[in-house]
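Notes follow once the structure below has been shown.
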Number of protein chains: 2
Amino acid sequence: MAQAVAGPEIERLIQLLARLPGLGPRSARRAALHLIKKREALLAPLADAMKVASERIVVCRECGNVDTSDPCTICRDASRDPSILVVVEDVSDLWALERSGAVTARYHVLGGVLSALDGVRPEHLNLASLVDRAGNGEVREIILALNATVDGQTTAHYVTESLAHHGLKVTRLAHGVPVGGELDYLDEGTLSAAIRSRTAF
Amino acid sequence: MAQAVAGPEIERLIQLLARLPGLGPRSARRAALHLIKKREALLAPLADAMKVASERIVVCRECGNVDTSDPCTICRDASRDPSILVVVEDVSDLWALERSGAVTARYHVLGGVLSALDGVRPEHLNLASLVDRAGNGEVREIILALNATVDGQTTAHYVTESLAHHGLKVTRLAHGVPVGGELDYLDEGTLSAAIRSRTAF
């Protein structure tokens, strides 16, 4: 950061805002100024919302989701199918799947994927609790909803092996053409997968 | 916003973050999750910094700057030249000029520019107080540091007329090639101005 141009309180606000993903030093200054101008309508409510979040949000010991209750709202939801667990890398993936409305089961958040490059090993992931949950007698299917990246697929294989002794059905998301997608812009791997997994029209 | 997927506390945090400039719904979710993961290191300090800012930041009645004191630090700085006022559109421009270190005088923040399209008229700007300050007997030069846009230049003309009866020296920022700029990428107006205002080498 260049020379401090505003008071220390404003500089501190700018520096903290600049640590948010998607905001650099310049956009953090714009955001800080916007907040100061909308003090009553935005700055004070945001300060309160952050304080509430910082005090009340906990990680669900069951699935690894973040919520204000433990177990989380999803784990406590009796209407959800207890026989299926959807394994995701991160809470953001859980949110994305919830927005789709396609999941009526529960989740398990790994908290990352295996990565030799980043030094992420199995013990760094929320994996032991997944093996425990999978063996609770209720679960019959594990859906691996991991990213279609090298690390995501490596992790999918590792999780499958870790769960092998339970004898469960393990599935993964389908590959194919995204809805609204144009073939011309898709890579060869996706197109091959879409051809191989073609369905009756 | 799509269907709520997290608890109400998290949703409220996401909705407020999405109102910051530069953050849309998707990046607000990413930012919220980042904050929740870095609760001790970022979320709690940011909540505090926002609370402090919301309680202590005031607008300087002298110049329109934002600071935790009124008059602001710049207006109270006795080492600054009281004979020059630098007129800017917004506090962000004041910050930009302070970063350059080129201003050793004081500022006057208009709080906008005249705009027929947006319905901004002279009485919406911090203009009456500028006319007062300019007539305090100390001020001898007004530097118009307004954006080189149509609205900025219209405002510059209006301010000059409003100050005409004081008989002060009124100047504006030089037009020319930005430092590090390539001629090939500059518009004709900038190049013409740079040729007209050429200086001895």
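The values are calculated or read from the model by the stated rules, or taken from the named source; none is laboratory data. Source: prediction; values computed, not measured. We place every Cβ from the backbone using ideal geometry, glycine too, and count neighbours over all the protein chains shown. Quick note on the areas: whole protein, heavy atoms, side chains included, nothing else; ligands and nucleic acids left out. Shrake-Rupley method; radii C 1.70, N 1.55, O 1.52, S 1.80 Å.
Side notes on the structure shown:
- Residue among B:Pro45, B:Pro25 that alone is open to solvent by 10 Å² or more (accessible area, probe 1.4 Å) and over 17 Å from A:Val52 (Cβ atoms): B:Pro25
- Given (1) closer than 16 Å to B:Arg61 by Cβ; (2) assigned to a loop (DSSP other than H, G, I, E, B); (3) touching an Asp or Glu at 6+ places or on another chain (Cβ under 8 Å), number of the condition B:Asn126 does not satisfy: (3)
- Residue within region A:6-14 that is surrounded by fewer than 19 Cβ atoms within 10 Å (Cβ to Cβ) and either more than 11 Å from chain B (Cβ to nearest Cβ) or within 30 Å of A:His157 (Cβ to Cβ) (or both) present: no
- Pairs where the first residue, in region B:147-162, is outside any helix (DSSP H, G or I) and the second is open to solvent by 70 Å² or more (accessible area, probe 1.4 Å) and of a type outside the set (Phe, Trp, Tyr), C-beta under 8 Å, 6+ apart: B:Ala148/B:Leu173; B:Ala148/B:His175
- A:Val58 meets each of the listed conditions (1) β-branched (Val, Ile, Thr); (2) under 21 Å from the mean Cα position of the chain (by Cα); (3) facing another protein chain (nearest Cβ under 8 Å); (4) open to solvent by 30 Å² or more (accessible area, probe 1.4 Å) apart from (3).
- Among the residues of region A:130-149, those identified as open to solvent by 20 Å² or more (accessible area, probe 1.4 Å) and touching a Lys or Arg at 6+ places or on another chain (Cβ under 8 Å) are A:Arg140, A:Glu141, A:Ile143.
- Among the candidates A:Ala105, A:Ala156, A:Ala164, the residue that is away from chain B (no Cβ under 14 Å) and touching a Ser or Thr at 6+ places or on another chain (Cβ under 9 Å) is uniquely A:Ala105.
- Out of B:Gly180, B:Gly189, sole residue that is modelled with pLDDT under 90, exposed (fewer than 12 other Cβ atoms within 10 Å of the Cβ) and closer than 24 Å to B:Leu94 by Cβ: B:Gly180
- Close pairs from region B:72-83: first in a loop (DSSP other than H, G, I, E, B), partner of a type in the set (Lys, Arg), Cβ under 9 Å, at least 6 apart: B:Asp77/B:Arg106; B:Arg80/B:Arg106
- Taking residues in region A:177-197 that are on the phi < 0 side of the Ramachandran plot, and partners anywhere that are exposed (fewer than 10 other Cβ atoms within 10 Å of the Cβ), the pairs with Cβ atoms closer than 7 Å and at least 6 places apart or on different chains are A:Val177/A:Leu183; A:Leu191/A:Leu183; A:Ser197/A:Ala174.
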